[in-house]
Amino acid sequence: MDKPFAITLNPGSSLANHTGSWRTTRPVYVDRLPPCNATCPAGENIQGWLLHAESGDYEKAWRALVENNPLPAIMGRACYHPCEGACNRNRLDEAVGINSVERFLGDEAIRNGWRFDKPAASSGKRVLVIGAGPAGLSAAYHLQRLGHQAVIVDAAEHAGGMMRYGIPKYRLPRDIIDAEVQRIVDLGVELRLNTKVTNLAEAMREGFDAAFLGVGAHIAKRAYIPAGDANKVLDAVSVLRGMEGEDTPLLGRHVVVYGGGNTAIDVARTAKRLGAEESIIVYRRTREKMPAHDFEVEDALKEGVSIKWLSTITEAGESDIMVEKMALDANGFPQPTGEYERIEADTLVLALGQDTDLSLLENVPGLVTGNGIVQVDATMMTGHPGVFAGGDMAGNERTITVAVGHGKKAAKAMDAWLRGEKFAPPPKPELATFERLNTWYYSDAPKTMRPVLDIIRRQSTFEEVLGGLDETNAQFEARRCLSCGNCFECDNCYGVCPDNAVIKLGPGNRFKFNYDYCKGCGMCAAECPCGAIAVVAEDI
Amino acid sequence: MSFQPIKFYQTGTFTVGNRLLAPQERSVQAGEKRYNSLNSGHRACQGCGEALGARYAIDAAMEACHGKLIAANATGCLEVFSTPYPETSWQIPWVHSLFGNAAAVATGMAAALKVKGQHDIRVVAQGGDGGTTDIGFGCLSGMFERNDDVLYICYDNGGYMNTGVQRSSATPPAARTATTMAVGTEPGNAFGQGKFVPAIAMAHEIPYVATATVADLRDLEYKVTKAMSIRGARYIHILVPCPLGWGTASQDTIRMARLAKETGVFPVFEAEHGEVTAVLKIRKRLPVEEYLKPQKRYAHLFGKQPRVDTIAHIQGLADKNIRKYKLLEEGI
């Protein structure tokens, strides 16, 4: 009791006062689903790999990327990047150039010879993968990583499927395909080329426990067009495939392409590159209704391709074609007008869509086909147990990225099926919408950086001629990511808490709340730039 | 420029920390081992701007003088909520002065340290707007006039909040308080002449005067650090929104401070020897309604018949700040 005059208590710290008891709501850290990830058909964790690219750890970024997609260099060129359309940054200035960063990472991986992590312990199971296109490659890659032996069989001379035989070189150079396929083969996947499977049941007898079908859609759809003897009517599939051979197709000086999809654009741009004076796309509806992506149309127009909207071809003559004008009716369907026009044409290329060759599936019990595609359930399994399918043959949305997504989904379901389980996809977190962000904290790009940014855009959306990003602007572009819904360790919550009730756990480990002192004011959640803190009611 | 120069990063430039910055470029508050001069367990209301501002400012001052700091604290919210006997939230040597003499007590401490030759130990005085602009004003002016080696920090929440929200000379016009009720033809606080103590401090031509808000931590830390690098009388006036007195949601404290700055209601600048040397520009100019509307103390302006005349008057005061302190970029 050695205390000064009038002092009866020892000095104490306010830490004795647990203000957490005041709380009626509590903040909790959450990981929400960024719109890019939600939109990616291949199920990439885009925000997750951009986070590593931001700090310049490109290998870690690439490894995070290939967790879901083994073909980043191909994706970075040929993917139609719906992620960028969904990007929340669109509402601030412009979307993050996800596709261009992906390409940069893919190219870095090829340049540095990065290999995939070795697969899990072998399960002893063997899976037959038919088709070395994006779906088959993706399925084989994921199966191999899960410990199963994947054997890819393809009828063509080279692997890649439609990526090689359908996408022009100016969009996707072949050495890129070779490099990314080789990396999958190096993982232990067996690749048998020049081997056509004509009977699935027979092929399975070699000792396969399951099969994945990814044969694609290679048969061009035809339309009946009365044609004279001398004219040349070709189909888009054979024109594009012909580009892979020794002799490029002879299309002549005036080329007309009939159709409105991305394939029609590819053919028209290819024709232009082959030296056609005129390359005209004839499409029966309007630009808004065109299935081709707008930036592809834009690129084609810039390259000198012309497009005749609201037109159908009624007749193909010796050196010209007859086109009939159409008009949209009240329901938006094109109707003939009776007005005709002749267009000079040495070649008419039909790009009216593709069908799948389903002949190998005859006599497979339980397997159902319809509308030209194989019917699959939510886990990509066909009606025949153990036979899965994906890519162009199993869906109507036919892009490389969708195919890669199918391959991954099927591989996970096959893995479960091979272990006698049923695949249950993990629950999806809540979407990280723009409204959940506090965009005050994201700075605008200074004006001096704008020209660089514009070049980035051009490089990322144009043809191969322009090359990719270099390290500095790839990192810049990655750092434009808002990290929607996922903590990027900006320290805001740690800083703004008036009660020091946020504990910083150190680099890479994020933060946690000290509920002994958190009064539940909600400031951390309000000032979190990326919406990674939720406020929930306290049980009282 | 008045704010801490930061390398260009697209994400997190305005955030507290940012993992992409080198450790020496991060704010004091981002440090894992920051001082936490005002520790947990204090009894400030949920979302208290003053508790936040005090920790920001004193931590930065502690960092600047390597932990050798003594504080004199005027009576007010900050003193009441941080030191109910026998507990204290302060992790620094801290003296509770009277309501009106924090500046004089700090002057005395600075004089004593000078006599003892302990030049490395620095002194701050701190108080709310009541203790600074009303009750302690005489002592404060004396401290300025004598150029005593003290940094005085005023946490301005615009009223006597812990005694039940009474008007102070820093209460803004038209605001409702317990003593300026929203009744009569001119409800709320009178427009008056205004009493902006930073301008009065500048009139003393002391070495350093600055204003800051809790919405811009980096700016605040920069100003405290700069003030600590100067000897003589220094004054920093920090706007700290008060959820209780302003009638705002507890999570909106920082947002309100940000709106005060972005509307021009509260000019953020620094001045040396009586002249403004730098201002924090408005990033996205907003009308004053954006700032007034979320506050219940201005609810009477937005009733069935909005008081557009009063709002226009407040807008006029904000516009005057913008002109006077050149808060917008030239040509905008």
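A short reminder: the numbers here are calculations on the coordinates, not readings from a lab. Not measured: the values here are computed from a predicted model. Note: ideal-geometry Cβ built from the backbone for every residue, glycine included; neighbour counts use all protein chains shown.
Computed quantities for the displayed model
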item	result
Which of A:GLY317, A:PRO336, A:MET243, positive extreme of dipole for the stretch A:221-354 (C-beta unit charges)	A:PRO336
P(r) histogram, all alpha-carbon pairs of the stretch A:1-160 included - 5 Å bins from 0, percent	2, 7, 12, 14, 14, 11, 8, 5, 4, 4, 4, 3, 3, 3, 3, 2, 1, 1, 0, 0
Extended-chain gain in nm, criterion 0.36 nm per residue less alpha-carbon gap, A:LYS289 and A:GLU59	78.7 nm
Exposed-loop-free span, longest in chain A, where chymotrypsin sites (Phe, Trp or Tyr not before Pro) count as exposed if DSSP calls them loop and at most 12 other C-beta atoms lie within 10 Å	A:225-540
Dipole magnitude of chain A, debye to nearest 20 (Cβ charges: Lys/Arg +1, Asp/Glu -1, about Cα centre)	1260
Percent RCO, i.e. relative contact order, over chain B, from Cα pairs under 8 Å lying at least 6 residues apart	17
Square roots of 5 times each gyration tensor eigenvalue, C-alpha, the stretch B:217-323, largest first, Å	29, 16, 11
Within 10 Å of each Cβ in B:246-259, the average number of Cβ atoms from other chains	4
Descending principal axes extents, the stretch B:23-325, alpha-carbon based, whole Å	64, 43, 41
Check: the stretch B:23-325 dipole with +1 on Lys, Arg Cβ and -1 on Asp, Glu Cβ, in debye	480
Peptide ranges A:87-93, B:111-117, A:186-192 listed from the most packed, as the mean C-beta count within 10 angstrom indicates	A:87-93, A:186-192, B:111-117
Of A:LYS169/A:LYS302; B:LYS284/B:LYS304; B:LYS68/B:LYS226; A:LYS118/A:LYS422; B:LYS281/B:LYS324, pairs whose Cα-Cα distance is over 20 Å	B:LYS284/B:LYS304; A:LYS118/A:LYS422
Protection proxy ranking, peptides B:189-198, A:248-257, average beta carbon neighbours within 10 Å, highest first	A:248-257, B:189-198
Shape call, the stretch A:221-354: gyration tensor on alpha carbons, a/c limit 1.5	oblate
Shielding by partners, peptide B:44-50 (average Cβ within 10 angstrom, other chains)	6
Shielding score for A:399-406, defined as the mean number of other chain Cβ atoms within 10 Å	0
The stretch B:54-163: mean projected area of Cα convex hull, nm²	6.7
For the stretch A:312-366: rounded, prolate or oblate by the Cα gyration tensor [a/c cutoff 1.5]	oblate
Paramagnetic label zone (point 7 Å from Cα along Cα-to-C-beta, B:ALA190; backbone N under 19 Å) in the stretch B:145-175	B:159-160, B:166-175
Dipole in debye (nearest 20) - the stretch A:221-354, about Cα centre, beta carbon charges: Lys, Arg +1; Asp, Glu -1	320
Dipole of chain A, positive direction: furthest Cα of A:CYS79, A:PRO429, A:ALA16, with charges on the beta-carbon	A:ALA16
Considering only the protein assembly as shown, percent of DSSP beta bridges that pair antiparallel, nearest 5	35
Free-standing Cys residues across chain A, given no other cysteine C-beta under 4.7 angstrom	A:CYS40, A:CYS79, A:CYS87, A:CYS481, A:CYS484, A:CYS487, A:CYS490, A:CYS497, A:CYS518, A:CYS521, A:CYS528, A:CYS530
Segments A:398-410, A:259-271 sorted - mean Cβ within 10 Å per residue, highest first	A:398-410, A:259-271
Dipole-positive endmost among A:GLY506, A:VAL233, A:GLY260 within the protein assembly as shown (Cβ charges, Cα centre)	A:GLY506
Cα gyration tensor shape for the stretch B:154-202, rounded if a/c is under 1.5, else prolate or oblate	oblate
Alpha-carbon centroids, the stretch A:93-112 and the stretch B:258-317: separation in whole Å	44
Largest-first ellipsoid semi-axes for the protein assembly as shown, taking √(5λ) over the Cα gyration tensor eigenvalues, angstrom	68, 31, 23
